[in-house]
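No lab work stands behind these numbers, since they all come straight from the coordinates. In this text, all values refer to a predicted model and were calculated from it rather than measured experimentally. So basically every Cβ, Gly included, is an ideal-geometry build from the backbone, and we count neighbours across all protein chains shown.
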Amino acid sequence: MYWVSCIIQNDEHATPWHCAASDPCLDLSGAMDLARDYTRKFRCLSVWVDKSGSPGSRPVTVFHKCLVNAVGDVEPWADQDAT
């Protein structure tokens, strides 16, 4: 199972908050689609995908993308960035 999380900021001066998907994705492709969807709908500062292993084990981050550039601007997720 893959879980999508992101850090969202309502506007430039608002306090960022963590948003986690309530339902898991069955494959990485579906999780990546959901992550892209979050970045289109919200002002996402960062988005990542965790894969859960066996029960009781810690999740492993399989994808992470920071959308804040070196000067602090939030950039859109370009399609060529997807892996």
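Helical content of the chain, expressed as a calculated mean residue ellipticity at 222 nm, amounts to -5500 deg cm²/dmol (DSSP H runs of 4 or more residues, -39,500 (n - 2.57) each, divided by residue number, nearest 500). Note on the chain: the alpha carbon radius of gyration divided by the globular reference 2.2 N^0.38 Å gives 1.11. Per-peptide packing, taken as the mean over residues of other Cβ atoms within 10 Å, places 20-30, 3-13 in the sequence 3-13, 20-30 from highest down.
If the chain linking Ala14 and Asp73 were pulled fully straight, counting 0.36 nm for each residue of separation and taking away their Cα-Cα distance, it would gain 19.8 nm.
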